[in-house]
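Asks: I have a structure here, written as structure tokens, and I will follow up with some questions on it.
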Amino acid sequence: MNLFAELRVAVVQSLANLAERGLLPSGLDTSGVSVEPPRDPAHGDMMTNAAMVLSKAAGLSPKAIAEALAEELAKDPRIAAVDVAGPGFINMRLTAAVWQDIVKVILTTGLDYGRSTLGNGAKVNIEFVSANPTGPMHVGHVRGAVVGDALARLLAFSGWKVTREYYINDGGAQVDVLARSAFERYREANGLEPEIREGLYPGDYLIPVGEALKAKYGDSLLDKGEQYWMKDVREFATEMMMVEIRGDLAQLGVQMDVFSSEKALYGTGKIEAALQALRDQGLIYEGVLEPPKGKTLDDWEPRQQTLFRSTAHGDDVDRPVMKSDGSWTYFAPDIAYHYDKVQRGFDQLIDIFGADHGGYVKRMKAAVSALSNGRVPLDIKLVQLVKLFKGGEPFKMSKRAGTFVTLRDVVEQAGADVTRFMMLTRKNDVSLDFDFDKVLEQSKDNPVFYVQYAHARVNSVLRKAAEAGMSFSDADLADADLSQLEHEAELKLARQLGEWPRLIEIAAKSNEPHRIAFYLYELASDFHSLWNRGNDDSSLRFIQEGNVATSAAKIAMARSTGVVIATGLGILGVKPVHEMR
RNA sequence: GCACCCAUAGCUCAGCUGGAUAGAGCGUUGCCCUCCGAAGGCAAAGGUCGCACGUUCGAAUCGUGCUGGGUGCACCA
């Protein structure tokens, strides 16, 4: 149920009617016709560009088309007034009944209001977080985790079949470093002095790993060389880190569907198979790359390597998949991993990377394009930095990790709900300031609070009404005589509620969950505004003493706002509060 | 040197994939509680949408070229 889509149908139908009567050429391409809210509400409730879009193809002036179309549209019972403005805009004002009906629809559909089949059941895989399993998650990961999870919820709500996936980078040199670092903590657990050399991970979080190693191996590894214990310790430590990371994710309320391991790709022939698929297309060759221009590398030497011709799929230079010593580069298993995702039958892939991986986008898209023959689109969202502040001062804390602020540090201070909401108050490709003091402030400067406050107020109305002997279920409210909601301030709120399905569609199509946070802020603002109008004009209060019928209509309005806020917060993964304290 | 991202009110940012006179919040100024939660609301002031061309009925939005900031650029992951 999307009012704008419905009205667009009416417009297209009217155009067809005109064509039938010979007033327009038949067979016009109406795909460019849109129905949107005008930027200036004084222009009406809805606007269509049909006349201007079709003017050229129809060989008629926009004005002429607009006037004929306006006349046709005026016949629609939902449309109260139509006028033609400017170069050929057609503005429509809808009847109050249309907006009142929105309230009823919300109360009958509840938290499903705005849910759609837009995705048509397409299978989408969203890979996000994918933090190296070498320590707890830090702030940098939080935003990616929240954006990925909210996007997953958004797409699921919009009719996609969503898989949330975490790619464990457990195949590279960094897990060897982890193993060595953990081994020092193991020595420490055995009463020896740990030697945390330069390049090892110094964080305290490895102390429990050392103790666990001691519990498992006693002192039996102490006198052994690295080649003896490396494999076991690496696996052991990685496993413990993943437990830690899963715990971190749980703190944030993020649940993955699939964890894929990089290491598990080695020795299975999967990497070779993926590269063979590329080779079959003539995209793999032996060659020597040019040194990068403008940047002087003292240790540059030409090397014969196995290269992927990513330039054939839009990349700037070809990329090595094998080092000169014959081992794989990081890119190779990543190709295999994405090949695996393609083979698992996903219709669409989304990767969420940190902004520092920007240089990786083109080659990854090139690989997926080649491996799926252009069938599977890969959208890569780069998530920018989060800058932490406390009371306006840059914030750098290192309680557990030694060198970085952890996810837990953030969640423990700010709470998961606040953290999640704040992370979505910017679009992903812009950096974001996160001030611990501000996000906990209870004022309208703080968007989380502001939205939650609106929801709490709705509940407050319901509570007060019940105290006054008027207890309504949503079904009661849906049956209320909503034609009493006539005031401009009430209709304004209803219009905003009517935009929710459209907003969801736009957000889902563009993979931009932050739009929901902004919408909720606006909705809350309209609600607070209406609330305060009740101070000046008592006829706008939600509870009308002694008048059950009117109260029911007004409370229906409030309640439907609460429902949409709850739905929106749900997509952001934030729990709506019922009471502010 | 190349690629990607960013540039909108004094500050922090939206802007519905090309629509009309570009919007919020903060800050500034002035108002509104006997009254559902003032933890709110109303109003005013504030703009060459970084610059210049181009595309078309129409550009903050698309293209090209600049300027400024960020990120990344062979055997790291």
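The values are calculated or read from the model by the stated rules, or taken from the named source; none is laboratory data. No experiment lies behind these values; they were computed from the predicted model shown. Every residue, glycine among them, receives a Cβ derived from its backbone with ideal geometry; neighbour counts consider all protein chains shown. Note: accessible area is taken over every heavy atom of the protein model, side chains too, but ligands, DNA and RNA are not part of it. Shrake-Rupley method; radii C 1.70, N 1.55, O 1.52, S 1.80 Å.
Asks: With +1 on each Lys and Arg Cβ and -1 on each Asp and Glu Cβ, how big is the dipole of chain A about its Cα centre, in debye rounded to the nearest 20? Spell out each step's value before the answer.
Replies: Details: 66 positive and 79 negative charges, 86 e Å.
So the dipole magnitude of chain A works out to roughly 420 debye.
Asks: Grab the eigenvalues of the alpha-carbon gyration tensor for the range A:240-305, scale each by 5, take roots, and send me the semi-axes largest first in whole angstrom. Walk me through the numbers on the way to the answer.
Replies: On the way: eigenvalues 269, 99, 26 Å².
For the range A:240-305, the ellipsoid semi-axes come out as 37, 22, 11 Å.
Asks: In addition: Could you work out the per residue convex hull volume over the alpha carbons of chain A, in cubic angstrom?
Replies: Details: hull volume 123.6 nm³, N = 581.
Enclosed volume per residue, from the Cα hull, is 213 Å³.
Asks: Give the percent of DSSP beta bridges with both residues in chain A that are antiparallel, rounded to the nearest 5.
Replies: 50 percent
Asks: Could you tell me which trypsin sites (Lys or Arg not before Pro) in the range A:266-356 are loop residues by DSSP with no more than 15 other beta carbons within 10 angstrom of their beta carbon?
Replies: Values: sites: A:K270, A:R279, A:K293, A:K295, A:R303, A:R309, A:K323, A:K341, A:R344; in loops: A:K293, A:K295, A:R303, A:R309, A:K323, A:R344.
When the trypsin sites (Lys or Arg not before Pro) of the range A:266-356 are filtered for loop state and at most 15 Cβ neighbours within 10 Å, A:K293, A:K295, A:R303, A:K323, A:R344 remain.
Asks: Pull out the extension gain between A:D379 and A:D537, defined as 0.36 nm times the separation in residues minus the alpha carbon to alpha carbon distance; nm, one decimal. Don't skip to the answer; put the middle values down first.
Replies: On the way: separation 158, 0.36 × 158 = 56.88 nm, distance 5.04 nm.
Extra length available between A:D379 and A:D537 comes to 51.8 nm.
Asks: To continue, here is another question. Name all residues of the range A:92-136 having a backbone nitrogen under 15 Å from the label point set 7 Å from the Cα of A:R344 along its Cα→Cβ direction, giving them as ranges.
Replies: Output list for this probe position: A:123-130.
Asks: Now for a separate question. Using only the alpha carbons, work out the radius of gyration and Dmax of the range A:328-430 in angstrom.
Replies: 17.8, 52
Asks: Treat each spin label as a single point 7 Å out from the Cα along the C-beta direction, and report the A:R39 to A:E198 distance in nm.
Replies: Reported label-point gap for A:R39 and A:E198 is 5.7 nm.
Asks: Mean 1/r over all different Cα pairs, inverted: what Kirkwood radius does the range A:526-581 give, in Å?
Replies: Details: mean 1/r = 0.0797 Å⁻¹.
About 12.6 Å for the range A:526-581.
Asks: Cut-off under 26 Å on the C-alpha distance; same-chain residues fewer than 8 positions from A:K214 excluded. Which lysines are left, in chain and number order?
Replies: Within reach: A:K224, A:K231, A:K263, A:K399.
Asks: Given the pairs A:K161/A:K390; A:K341/A:K575; A:K554/A:K575, which are separated by over 28 angstrom at their Cα positions? Each step should come with its number before you reach the end.
Replies: Details: A:K161/A:K390 40 Å; A:K341/A:K575 32 Å; A:K554/A:K575 25 Å.
Violating the 28 Å Cα-Cα cut-off are A:K161/A:K390; A:K341/A:K575.
Asks: Residue by residue, what Karplus-based ³J(HN,Hα) values in Hz, rounded to whole numbers, does the range A:370-381 have, using 6.51, -1.76 and 1.60 with θ = phi - 60° and x for Gly and Pro?
Replies: Residue by residue, the range A:370-381 yields 5, 6, 10, 6, x, 6, 9, x, 10, 9, 10, 9 Hz.
Asks: When a/c reaches 1.5 or more, the comparison of a/b and b/c decides; with that in mind, is the range A:1-41 rounded, prolate or oblate per its Cα gyration tensor? Write down the numbers at each step before the final one.
Replies: Numbers: a/c = 2.46, a/b = 2.09, b/c = 1.18.
Because a/c hits 1.5 or more and a/b exceeds b/c, the range A:1-41 counts as prolate.
Asks: Okay, next question. Multiplying the sequence separation of A:W300 and A:D429 by 0.36 nm and subtracting their Cα-Cα distance, what value in nm do you get?
Replies: Values: separation 129, 0.36 × 129 = 46.44 nm, distance 3.33 nm.
That works out to 43.1 nm of additional length.
Asks: Please go through the range A:106-202 and write out the GluC sites (Glu not before Pro) that DSSP classes as loop and that have at most 11 other C-beta atoms within 10 Å.
Replies: Working: sites: A:E127, A:E165, A:E184, A:E188, A:E195, A:E198; in loops: A:E195, A:E198.
Sparse-neighbourhood loop GluC sites (Glu not before Pro): A:E195, A:E198.
Asks: Moving on to the next point. Which angle from 0 to 90°, rounded to the nearest 10, does the C-alpha axis of helix A:62-73 make with the longest principal axis of chain A?
Replies: It is inclined by approximately 70 degrees.
Asks: On to the next question. With a Cα-only, solvent-free Debye model of the range A:19-63, what are the log10 I(q)/I(0) values at q = 0.23, 0.25, 0.29, 0.32 Å⁻¹?
Replies: Debye intensities relative to I(0), on a log10 scale: -0.83, -0.90, -1.03, -1.12.
Asks: Next question. If you take the Cα Rg of the range A:3-94 and divide it by 2.2 N^0.38 Å, with N the number of residues, what do you get? Please list the in-between numbers first.
Replies: Details: Rg = 11.8 Å, N = 92, 2.2 N^0.38 = 12.3 Å.
Ratio of Cα Rg to 2.2 N^0.38 Å: 0.96.
Asks: Taking chain A as the reference, fit the longest principal axis to its C-alpha atoms, fit the long axis of helix A:139-157 to the helix C-alpha atoms, and give the angle between the two in degrees, 0 to 90, nearest 10.
Replies: 50 degrees
Asks: For the range A:214-350, I need the span (max minus min coordinate) of the C-alpha atoms along each principal axis, in Å, sorted largest to smallest.
Replies: That works out to 52, 43, 32 Å along the principal axes.
Asks: Grab the other residues whose beta carbon is less than 13 angstrom from that of A:F527, score K and R as +1, D and E as -1, and report the net. Walk me through the intermediate numbers first.
Replies: Details: positive: A:K444, A:R457, A:K492, A:R495, A:R533, A:K554, A:R559; negative: A:E490, A:E522, A:D526.
Net charge around A:F527: +4.
Asks: What distance in nm lies between label points placed 7 Å from Cα along the C-beta direction at A:E545 and A:D112?
Replies: Result for the modelled spin labels: 4.1 nm.
Asks: In units of 2.2 N^0.38 Å, what is the alpha-carbon radius of gyration of the range A:173-251?
Replies: Numbers: Rg = 12.0 Å, N = 79, 2.2 N^0.38 = 11.6 Å.
The range A:173-251 yields a ratio of 1.04.
Asks: Another question about this same structure. If amide hydrogens are placed 1.01 Å from N in the peptide plane, which non-local residues have theirs closer than 5 Å to the one on A:A81?
Replies: Counting only residues 5 or more places away or on other chains, the set is A:R93.
Asks: In square angstrom, rounded to the nearest 10, how much accessible surface does A:D379 have for a 1.4 Å probe?
Replies: For A:D379, the solvent-accessible surface is approximately 50 Å².
Asks: Using only C-alpha atoms and all pairs of different ones, pull out the Kirkwood radius for the range A:447-572 in Å with one decimal. Could you put the intermediate results ahead of the total?
Replies: Numbers: mean 1/r = 0.0672 Å⁻¹.
14.9 Å is the Kirkwood radius here.
Asks: Quick check: the angle from helix A:447-467's long axis to the longest principal axis of chain A, C-alpha only, nearest 10 degrees?
Replies: 50 degrees
Asks: Additional query: Could you work out the pair-distance distribution P(r) of the range A:482-527 from its alpha-carbon pairs, with 10 angstrom bin width and percents rounded to whole numbers?
Replies: Calculated P(r), rounded to whole percents: 26, 46, 22, 6.
Asks: Counting only residues 5 or more places away or on other chains, whose amide H sits under 5 Å from the amide H of A:D435 once H atoms are built in the peptide plane?
Replies: Hits under the 5 Å cutoff: A:F389.
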